[in-house]
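A short reminder: the numbers here are calculations on the coordinates, not readings from a lab. The shown structure was predicted, so the numbers you read here are calculated from the model rather than taken from an experiment. Using ideal geometry, Cβ is built from the backbone for each residue, glycine included, and neighbour counts are taken over all protein chains shown.
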Amino acid sequence: MIPVWLGLWFKIGMQNPSTTSCQLKDHFQTIPNPRTGPAQRHELLDILMISVCALLCGAESFTDIALWGRCQHDWRKTWLALPNGIPAHDTFNRIFGLIQPAEFSACFQSWTQALRQAVAGELIAIDGKTLRGSRTPTQGPVHLVNVWAASNRLVLAQLAVADKSNEITAVPQLLRALELTGCIVTVDALNCQKNIAKEISEADADYVLALKGNHGTLHTEVQSFLDDAQQRGFRDVPHQFVATVDKEHGRLETRRYWITAEIDWLADKPAWEKLQSVGLVERVVAVGGKVTTDRAYYLSSLPAAAQRFAAAVRGHWGVANAVHWVLDVQMNEDRCRVCDRQAAQNLATLRGFCLNLLRRNQQYKVGVRAKQKAAGWSPQYLLSLLKF
C-alpha cells in the first residue's frame, strides 16, 4: 500500500515548481499542454507521472502503462488528481503523439542539467541509436543521438535525426545546447567532421575523434604515418604509450595505445580546429585459441598523454554498453512497436528519464531490469527512485 504521506510530498512539491529543481514533476510542468477544451479530461501532469512510474516498474507500451495505472488504486487516491480516473491506453498514445518532441527533449535536458555535477575533464560520449520498432511500410525507423556523461552516469540529452538527414546535422545542435567546458567529447567515425571539431572547440572542450575511411586521404596519411612509426618502435617520433590487459570469460584482450603530437607533416592540420595529436589503438583478442587484431586511428585536441587518450577511447564505449545495450536488452526498446514518430520519440525520451533514475539509485546493487522488478514489488523503493 502506498503511504498517505506520498500524496502530501507530491502536493507540497507542486506549490513552487522550479526548473532548477531535481524533481521530475517540476520539470514536467514546463511542458505546454497540447490539448484544448474537452480533450483535457485528464491532467497532463497525471499522465506523465503515471507513465514514468509505469516504465520504472517495467512497462514497455502504452497498454502496459494504462494497465499499471488501473492496478494502482492507492496511488490514485493519494497523490494524483485523476478527475476522470485512469486514462485508457489510447489516451496515453494520443497525448504522447501530440507533445512536441523538441519540448519534451528540452524538459529532459533541463532535468539532467539540474542533476549533473561538475566534473573536471568529464568524458562526454555521443553516439546514435535506431528505434527499430518504429519502422513503417512508408517510413524508416526513428534514429536518435544520445549524449552520455560518464562520470555522472547520466544520459544528458537525446535528439532525433531529421528525416532524410543523418547524425552529422544533429550532433552540432546537441553540442551547442550543452555545457561542455573542460570536458572531453568523443564521437564515432561518422561524426569525425571538421565542423564538429570546431563546435567542440568553441564549447571550450577537447575532442577525440575516431578516424576511418570516410576521410579517405586523411585516414590513409595518418594510418601510414602511425603504422610506420609503430613498426620502427616510434624511433625518432616523440610519443607516449600505454597498454592494458583484460581477461574474463575465456577472453583475453590486450589494448595498446600510442599517441604523438608530431603532426606538422599533416597537410590538413589547419582545417581541424585545435588539433594537437594523432593516436593509434591496437586491440589483440584471443578467444578459444583464435587471435584477432584490429587497429583504429584517432584525431585529438588533447596533448599527447597516453593515459588520458586511452581513458577517452575506452570510455566512449560507455554510451553503447551503459545506454544502448541497456535500452535494448533490459528495457526492450527495439521491440516497442509504437510507429507514430512523435510518440516513439517521446517514449524514448521517457525511457531516458527512467534509465537515469534507475541508474543513479544505489539502494540495490543490481541491474536495471532487477531494479524495475523491485520498483514493481516495493512502493517504497519506487518512491525512492522518484525522490532526489
Inset, instruction - Could you list which residues have their amide H under 5 Å from that of Ser151, counting only those 5 or more apart in sequence or on another chain, with H placed in the peptide plane? - result: Leu123
Legend entry - Phi-based couplings in Hz for the stretch 21-35 (Karplus 6.51, -1.76, 1.60; Gly and Pro marked x): 6, 8, 7, 4, 4, 5, 6, 4, 5, 7, 7, x, 6, x, 10
Inset, instruction - On a C-alpha basis, how far is the centre of the stretch 311-383 from the centre of the stretch 233-281 in Å? Whole number, if you could? - result: 34 Å
Inset, instruction - Mind pulling the angle between the C-alpha long axis of helix 62-71 and the longest principal axis of the chain? Nearest 10 degrees, somewhere in 0 to 90. - result: 50 degrees
Legend entry - GNM result for the chain, Cα springs below 10 Å: residue of Lys365, Lys194, Lys247 fluctuating most strongly: Lys247
Legend entry - Computed label-point distance, nm, for sites Ser224 and Val287 using a 7 Å Cα→Cβ extension: 3.4 nm
Inset, instruction - Any of Lys129/Lys212; Lys25/Lys129; Lys247/Lys290; Lys247/Lys371 with alpha carbons more than 23 Å apart? Name them for me. - result: Lys25/Lys129; Lys247/Lys371
Legend entry - Proximal charge balance of Arg135 [Cβ under 11 Å; K/R count +1, D/E count -1]: +2
Legend entry - Unit charges on C-beta of K, R, D, E only; dipole of the chain, Debye: 1260 debye
Inset, instruction - Quote the charge dipole size of the stretch 205-301 about the Cα centre in Debye, to the nearest 20; the model charges only the Cβ of Lys and Arg (+1) and of Asp and Glu (-1). - result: 380 debye
Inset, instruction - Determine one quarter of the surface area of the Cα convex hull of the chain, which equals its mean projected area, and express it in nm² to one decimal. - result: 21.5 nm²
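Restricting to DSSP H runs of at least four residues, report the calculated mean residue ellipticity at 222 nm for the chain, -39500 (n - 2.57) per run over all residues, nearest 500 deg cm²/dmol. Intermediate results must be reported in sequence, preceding the final value.
Values: 14 runs with 154 residues, N = 388.
Here the helix-only value at 222 nm equals -12000 deg cm²/dmol.
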